[in-house]
Amino acid sequence: MSETYDIIIIGGGVVGCMTARFLSRYKLSILLIEKEIDIGSVTSAANTALVHPGYDPVSGSLKAKMNVAAVPLWLNLSEELNFAYERCGDFVVAIGQEELPQLDELVERGKRNGVTGMSIVSGDEMRKREPLINPAVSGALFAETGAMCDPFGVTLAAAENAVMNGVTILRDTAFEDFIIQNKRIVGVKTNRGAFGCRWAINAAGLYSDVVMHKAGVRPEFKITPRKGEYLILDRADFELQSVYFPVPTEISKGIMATNSVHGNTILGPTAHDQDDKEDKTNSESGLQEVLEGGRKLIPCVDPRHVIAVFAGLRAAGNAPCETPGVDYGHDFIVEIPATIQGLVNLGGIESPGLSSSPAIALRVIDLLKDAGEKLVEKSDWNPIRPARPRFRHMTHAQRQAVIEKDERYGRVVCRCENVTEGEIVAEIHSPVPATTYDAIKRRTWLGTGRCQGGFDLPRVTHILARELGISETAVSKKGGDSTFLLRPTKQAEDDHD
Amino acid sequence: MTNLHYDVVVVGSGPGGLAAAISARQNGAEKVLIIERDIELGGILLQCIHNGFGVEVFKEDLPGPSYAQRFIQQVHDLKIDTLLDSMVLETTPDRRLFITNRKLGIREIKAGALVFAMGCRERTRAQIRLPGSRPAGVYTAGTAQRWVNVEGYMPGKRFVILGSGDIGMIMARRLTFEGAKVERVLEIMPYLSGLTRNYVQCLQDFDIPLQLNHTVKRIIGNNRVEAIEAAAVDEQRRIIPGSEEIIPCDTLLLSVGLIPENELSRQAGVRIDPVTAGAFVDSRFHTSVPGIFSAGNVVHVYDLVDWVTQAGLAAGKGAALFAQGKLAVSDKVVRTQAGENVRYIVPHTFDPNLLAEEAIPLQMRVKQPIEAPVWVEAVCNGKSVTRKALPYARPGEMVTLNLKPDVVDSFRESGTLTVNITER
Ligand SMILES: Cc1cc2nc3c(=O)[nH]c(=O)nc-3n(C[C@H](O)[C@H](O)[C@H](O)COP(=O)(O)OP(=O)(O)OC[C@H]3O[C@@H](n4cnc5c(N)ncnc54)[C@H](O)[C@@H]3O)c2cc1C
Ligand SMILES: Cc1cc2nc3c(=O)[nH]c(=O)nc-3n(C[C@H](O)[C@H](O)[C@H](O)COP(=O)(O)OP(=O)(O)OC[C@H]3O[C@@H](n4cnc5c(N)ncnc54)[C@H](O)[C@@H]3O)c2cc1C
């Protein structure tokens, strides 16, 4: 075993990174391993991006408890970590009289869960607040703690703050098995060799079942990926005022229409179970379903408004709720299992997993303390992760100042989102460096506008090659063999002679 | 650069912008500035290294960069200022511009008259909602063209091209020259969307099959494109079940249309025609905002560069006159109206008094192809004004009808001129 850590976190999604960040407060050596080329690139990058108030989960479930416990943490967290977070409130919109009674049910459930700040607004009021809403709206539930965020931005900010405070992150590093001695986990095997540890934290998202089974824990637990497809609409066409859910059905929260921190409207998600944990493809039928569902709330939606499509996979589990008397079979798992030592087991963290992530991280700390771990705070822990300059959001005077310091901030590389060369270079040399096109895109939102990278792609490829000291043909979209370019042209080869 | 006030400012240095700047200077504007975000003048022509430019203007068949060079030379000769590597971030209705440049930082520039010549961008995968995975290897044809012709890199070795636009067809030939295999060009419509001449010279001559009424149903491959699933479509452009076919390839190029780049125009309050996605303009390419002109692909998507140059010349003249306070305000206006089988006409209006001095070209595209001799006929108040015969009419090829000074008597009053394109 090459190195030994106090704690190894398996998985760099929002749950793993948030846990790393909160644990970095203590005198512990921590390693986070992530199988993809970048952190936060799986479910934490492809979801509805909402911090839910907590009226939706079944009362008494761990989902409800974690969600509601996390809500008050977000504002402070967004200020410490400097990620995009907007508390605009959210609405559950009843269309037609027959849907109205369900709003009262939601309010009741919300109260049982401990949600505050809910109110019922009339159809008239709703039409006033959102001119684009379906005129057949009969009323809505408004929850003032609902918020939009940039979920990848949250994950990245937590990861960077963890690194600033001494956590090691290894990407492109996949967990393969535990090293177990006398019913105690003493290390993990990865594709990059073995690492010793006293504790392992399973935060592997869609693969959390596979990971826990390697430790012999909960053999009956199974994750069934449930796909959600989305459409993104151009903010140049229209911008919604807030976040709108339809009244929920038995199986899902339904197709919603929401503004985003980018100002683009997001429609989705669908909800269809599948076997494949990697298949995040979009289907024609899925996109059609989103369009039709979205029109129920916002009738003016037109296919011509679409600028991007994507899909995410919910890690839907089958863990029964442990609260006596609550009959619910799809709860979160946040536990230290009794059958093995040295494992913190997190599983089935589907929605509202993003919303709950800070509370889950704090719960992990409590569990470790309960297990006798003496957590000593560092005197020099720095909870602040500074924001980097974002040309798009600056005044002209601020832009002038940043260009005077570094002229690369004066050259716009992404014409739709106004991302500059300076910002791209800064991301390549940041605490969790961007090494691929998609990594830059998620960090800067470059290439997410109307032209979808058509303009910036050759330019970003060039900058990545230059800054990383590699050939342009080695620059990739998302690591591995996802390279953009095959070889120099014949003509270019001749020119080099 | 100390003085940031110009008589005429041109945004964009493609053939439209170059012509506008030259013409503004030649028509009396003293201080003229071209702002270009790229590091060279020339616009999209710089990556069009194939021949096919200048047949109308120079009666010569030139590669894109050579065509541009003739105008760039004039820009220098006429001592027109240029600001390269400078992006216009913002404009206002009173013609102030905010630019960013690495050396200058953020600058405000005031223009006596403004010409927008920002060109267009390509329609993307998302806009046609292509299903499937999201691997590397799906590019717009123009992005691939830049890579191959400007940066000197091949983006793949086995290609499928979706859309029969001109850039896609030109790239099919270019990639074949470079030793790549172009498996097929798929077109969802029952007709070609680009020029017939490009079909013959770029596809037929290289045995590259074109399949009309076909589309891509799905992209396959996780990291890099491994194949696409092609399928035939019916008259409603719905996929015909059972017609699916997997075509192995490593790259999918999209040549599915161009969209005028009008974000700056919108900021300045310029009214946009939903059909062309460009500004409403008169025959001088004056937009709805006084002193703001618009020329080239930013107005509507042209097929031949020569017409872009002409539009730039007209816009530049208008801008120079406006800046000098000499642009006559007319009491009469004629509106053009797309009649039978015509999708749109540019310009949207013209001043009949101007027609007494100079011919006004009306440019339009047909809705449906007619593969038989047609009349292009302009009608005003139920009377035929002028007409011309063409051997056929196709959506991919722009139709021009020249209104000559000798028909000026048809427009004694304000009115509407309708153009119809029908079978002879
Ligand atoms: C369609 C959809 C909509 C949603 N909307 C919302 C919402 O609006 N609000 C909300 O609160 N929640 C929402 N969620 C849920 C939320 O996105 C997830 O709960 C959250 O992102 C889960 O984070 P995670 O870290 O557990 O998982 P992930 O982000 O998937 O992270 C797990 C990480 O583990 C890594 N990993 C897996 N196996 C290994 C291995 N063997 N070795 C190393 N690393 C490994 C993965 O690569 C991955 O990066 C939504 C989810 C979906 C799919
Ligand atoms: C790929 C391609 C192939 C073609 N092939 C042929 C052919 O073979 N024969 C033929 O006759 N015609 C051809 N055409 C058509 C013809 O070349 C174009 O119609 C013509 O170049 C358009 O000129 P333009 O000046 O309107 O735009 P462009 O040439 O696109 O120029 C616009 C310029 O504006 C700049 N710009 C945009 N926004 C800003 C901003 N905010 N700040 C600063 N600068 C900005 C851009 O960088 C660009 O340089 C082709 C067109 C394309 C796109």
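The rows are residues; the columns are (1) on the phi < 0 side of the Ramachandran plot; (2) within 13 Å of another protein chain (Cβ to nearest Cβ); (3) among the polar types (S, T, N, Q); (4) within 15 Å of ligand 2 (Cβ to nearest atom).
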{"site": "B:N51", "(1), (2), (3), (4)": "yes, no, yes, yes"}
{"site": "B:Q69", "(1), (2), (3), (4)": "yes, no, yes, yes"}
{"site": "B:F98", "(1), (2), (3), (4)": "yes, yes, no, yes"}
{"site": "B:L104", "(1), (2), (3), (4)": "yes, yes, no, yes"}
{"site": "B:A126", "(1), (2), (3), (4)": "yes, yes, no, no"}
{"site": "B:G137", "(1), (2), (3), (4)": "no, yes, no, no"}
{"site": "B:A144", "(1), (2), (3), (4)": "yes, yes, no, yes"}
{"site": "B:W147", "(1), (2), (3), (4)": "yes, yes, no, yes"}
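If you check B:V376, B:V385, B:V408, which single one turns out to be β-branched (V, I, T), not in a strand (DSSP E or B) and not assigned by TED's automatic domain parsing to the domain that holds B:Y191?
Of the residues listed, the single one that is β-branched (V, I, T), not in a strand (DSSP E or B) and not assigned by TED's automatic domain parsing to the domain that holds B:Y191 is B:V408.
Which number in (1) β-branched (V, I, T); (2) open to solvent by 10 Å² or more (accessible area, probe 1.4 Å); (3) within 30 Å of A:G11 (Cβ to Cβ) marks the one condition that A:T173 misses?
With (1) β-branched (V, I, T); (2) open to solvent by 10 Å² or more (accessible area, probe 1.4 Å); (3) within 30 Å of A:G11 (Cβ to Cβ) applied to A:T173, the lone miss is (2).
For a quick check of your reading of the model, give me the residue pairs whose first member lies in the stretch B:77-93 and is outside any loop (DSSP other than H, G, I, E, B), whose second is surrounded by fewer than 20 Cβ atoms within 10 Å (Cβ to Cβ), with beta-carbon atoms closer than 7 Å and at least 6 apart or on different chains.
The qualifying pairs are B:L89/B:F98; B:E90/B:F98; B:E90/B:Q267; B:T91/B:Q267.
Could you check the stretch B:225-236 and list, in sequence order, the residues that are in a loop (DSSP other than H, G, I, E, B) and either away from chain A (no Cβ under 12 Å) or within 16 Å of ligand 1 (Cβ to nearest atom) (or both)?
Filtering the stretch B:225-236 for residues in a loop (DSSP other than H, G, I, E, B) gives B:225-226, B:234-236.
Hits for the stretch B:225-236 are B:D234, B:E235, B:Q236.
Tell me the residue from B:L327, B:L321, B:L304, B:L355 that is within 16 Å of ligand 2 (Cβ to nearest atom) and more than 14 Å from chain A (Cβ to nearest Cβ), please.
After applying the criteria, what remains is B:L304.
Restricting attention to the stretch B:154-182, which residues are within 24 Å of A:S471 (Cβ to Cβ) and not charged (D, E, K, R)?
Scanning the stretch B:154-182 gives B:M154, B:P155, B:G156, B:F159, B:M171, B:L175, B:F177, B:G179, B:A180.
So which residues in the stretch B:149-161 are facing chain A (nearest Cβ under 7 Å) and open to solvent by 30 Å² or more (accessible area, probe 1.4 Å)?
B:E151, B:Y153, B:K157
In this structure, does A:R127 turn out to be under 26 Å from A:N67 (Cβ atoms) and outside any loop (DSSP other than H, G, I, E, B)?
No; evaluated as a whole, the condition is false for this residue.
Identify all residues within the stretch B:1-40 that are part of a loop (DSSP other than H, G, I, E, B), crowded, with 24+ Cβ neighbours inside 10 Å and within 9 Å of ligand 2 (Cβ to nearest atom); write none if there are none. Write out each step before concluding.
Taking the stretch B:1-40 first, the residues part of a loop (DSSP other than H, G, I, E, B) are B:1-4, B:12-14, B:27-31, B:36-40.
Subset that is crowded, with 24+ Cβ neighbours inside 10 Å: B:12-14, B:29, B:36.
Matches in the stretch B:1-40: B:G12, B:S13, B:G14, B:E36.
Take the residues in the stretch A:194-205 that are under 20 Å from A:A316 (Cα atoms) and open to solvent by 10 Å² or more (accessible area, probe 1.4 Å); name whichever of them is farthest from ligand 1 (Cβ to nearest atom).
Taking the candidates together, the pick is A:A203.
Based on this model, can you work out whether B:T416 counts as open to solvent by 30 Å² or more (accessible area, probe 1.4 Å) and either part of a strand (DSSP E or B) or of a type in the set (A, V, I, L, M, F, W, C) (or both)?
Values: open to solvent by 30 Å² or more (accessible area, probe 1.4 Å): yes; either part of a strand (DSSP E or B) or of a type in the set (A, V, I, L, M, F, W, C) (or both): yes.
So B:T416 fits the description; yes.
What's the total number of residues in the stretch A:49-62 that are touching a Phe, Trp or Tyr at 6+ places or on another chain (Cβ under 8 Å), within 10 Å of ligand 1 (Cβ to nearest atom) and open to solvent by 10 Å² or more (accessible area, probe 1.4 Å)?
Total meeting the criteria: 0.
Could you please give the count of residues in the stretch A:255-299 that are surrounded by fewer than 18 Cβ atoms within 10 Å (Cβ to Cβ) and at positive phi?
Residues that pass the stated criteria total 1.
Which one of these is more than 8 Å from chain B (Cβ to nearest Cβ) and surrounded by 21 or more Cβ atoms within 10 Å (Cβ to Cβ): A:V425, A:V460?
So the residue among A:V425, A:V460 that is more than 8 Å from chain B (Cβ to nearest Cβ) and surrounded by 21 or more Cβ atoms within 10 Å (Cβ to Cβ) is A:V460.
Take the residues in the stretch B:65-115 that are open to solvent by less than 60 Å² (accessible area, probe 1.4 Å) and among the polar types (S, T, N, Q); name whichever of them is farthest from ligand 1 (Cβ to nearest atom).
B:S66
For every residue, the table says whether it meets (1) in contact (Cβ under 8 Å) with a residue 24 or more places away in the chain; (2) out of contact with any strand residue (DSSP E or B) (no Cβ under 6 Å at 6 or more places or on another chain); (3) hydroxyl-bearing (S, T, Y).
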residue: B:G105; (1), (2), (3): no, yes, no
residue: B:A113; (1), (2), (3): yes, no, no
residue: B:G137; (1), (2), (3): yes, no, no
residue: B:W147; (1), (2), (3): no, no, no
residue: B:E151; (1), (2), (3): no, yes, no
residue: B:R174; (1), (2), (3): yes, yes, no
residue: B:V182; (1), (2), (3): yes, no, no
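Answer yes or no as to whether B:I272 is within 14 Å of chain A (Cβ to nearest Cβ), within 12 Å of ligand 2 (Cβ to nearest atom) and over 23 Å from B:P63 (Cα atoms).
No: the conditions fail for B:I272.
Output yes when any residue across the stretch A:168-190 is under 19 Å from the mean Cα position of the chain (by Cα) and over 22 Å from A:V364 (Cα atoms), and no when none is.
Checking the stretch A:168-190: at least one residue is under 19 Å from the mean Cα position of the chain (by Cα) and over 22 Å from A:V364 (Cα atoms).
Being touching a residue at least 40 places away in the same chain (Cβ under 8 Å), more than 10 Å from ligand 2 (Cβ to nearest atom) and open to solvent by less than 10 Å² (accessible area, probe 1.4 Å) is the requirement here; does B:G296 meet it?
Taking the combined requirement at face value, the residue does not satisfy it.
Against the conditions (1) of a type in the set (D, E); (2) more than 14 Å from every other protein chain (Cβ to nearest Cβ); (3) open to solvent by less than 40 Å² (accessible area, probe 1.4 Å), where does A:E144 fall short? Just the number, please.
Exception for A:E144: condition (3).
Going through the stretch A:225-262 one residue at a time, which ones are in contact with an Asp or Glu (Cβ under 9 Å, 6 or more places away or on another chain), more than 12 Å from ligand 1 (Cβ to nearest atom) and either more than 14 Å from chain B (Cβ to nearest Cβ) or acidic (D, E) (or both)?
Those that are in contact with an Asp or Glu (Cβ under 9 Å, 6 or more places away or on another chain), more than 12 Å from ligand 1 (Cβ to nearest atom) and either more than 14 Å from chain B (Cβ to nearest Cβ) or acidic (D, E) (or both): A:D237, A:L240, A:Q241, A:S242, A:Y244, A:P246, A:V247, A:P248, A:N259, A:V261, A:H262.
I need the strands (runs of 3 or more DSSP E) fully contained in the stretch A:241-307, keeping only those with at least 1 residues that are closer than 21 Å to B:R123 by Cα and within 22 Å of the chain's Cα centre (by Cα).
Output list reads A:265-268.
The values are calculated or read from the model by the stated rules, or taken from the named source; none is laboratory data. As the structure is a prediction and not an experimental result, all values here were calculated from the model. Reconstructed Cβ throughout: ideal geometry from the backbone, glycine too, with neighbour counts over all protein chains shown. Surface areas here come from the heavy atoms of the whole protein model, side chains and all, with no ligands, DNA or RNA. Shrake-Rupley method; radii C 1.70, N 1.55, O 1.52, S 1.80 Å.
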